[in-house]
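Data first, discussion second: the structure below is written as structure tokens.
The values are calculated or read from the model by the stated rules, or taken from the named source; none is laboratory data. Source: prediction; values computed, not measured. Positions of Cβ are backbone-derived with ideal geometry, glycine not excepted, and every protein chain shown enters the neighbour counts. Protein only, heavy atoms only, side chains kept; ligands, DNA and RNA dropped before computing areas. Shrake-Rupley method; radii C 1.70, N 1.55, O 1.52, S 1.80 Å.
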Amino acid sequence: FLAEAGSTPAFTALLGDLADSIIPNLERFPEMGRLFLDRPAQSVEARQKIEQLESRIGNTTLREYMAGDFLILYGARGQTVFLLSIKHQRQLSFDFPVHWR
């Protein structure tokens, strides 16, 4: 996303933040993000998807953490943290003209 936006400085800053604070903080406090699956399902289909996901991840807890302009999805299993996704806040909006031409 950042490369497409021509924002090399933002990407470099993100890498620095990951190395300097985000990853060390997650390693030290793996439960600092909010629980991803705590939101109630709003439909039967969503509930089924959540149940499938829960059966696949076993004893890994999915959490999300906001760091500046980025939303980080990670899994925590004991003291082990798995970075699953990093999205810029602008990636989280719906851009209908791009999706449905």
TODO: Being in a loop (DSSP other than H, G, I, E, B) and surrounded by 16 or more Cβ atoms within 10 Å (Cβ to Cβ) narrows it down to one of Pro40, Pro30, so name that one.
DONE: Pro30
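This table checks each residue for (1) under 17 Å from the mean Cα position of the chain (by Cα); (2) outside any helix (DSSP H, G or I).
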| residue | (1), (2) |
| --- | --- |
| Ala19 | yes, no |
| Gln48 | no, no |
| Met66 | yes, yes |
| Gly75 | yes, yes |
Open item on the list: Report every pair of residues separated by at least 6 positions or lying on different chains whose Cβ atoms are under 6 Å apart, first residue within segment 39-63 and more than 16 Å from Phe82 (Cβ to Cβ), second open to solvent by 50 Å² or more (accessible area, probe 1.4 Å).
Closed with: Ala41/Arg47
- [ ] Six or more apart or on different chains, Cβ under 7 Å: which pairs go from a residue in segment 23-35 that's closer than 21 Å to Leu53 by Cβ to one that's of a type in the set (Asp, Glu) and assigned to a strand (DSSP E or B)? Could you list them?
- [x] Gly33/Glu64; Arg34/Glu64
Task: Extreme residue, modelled with the highest pLDDT, among residues of segment 8-27 that are β-branched (Val, Ile, Thr) and open to solvent by 80 Å² or more (accessible area, probe 1.4 Å) - done: Thr12
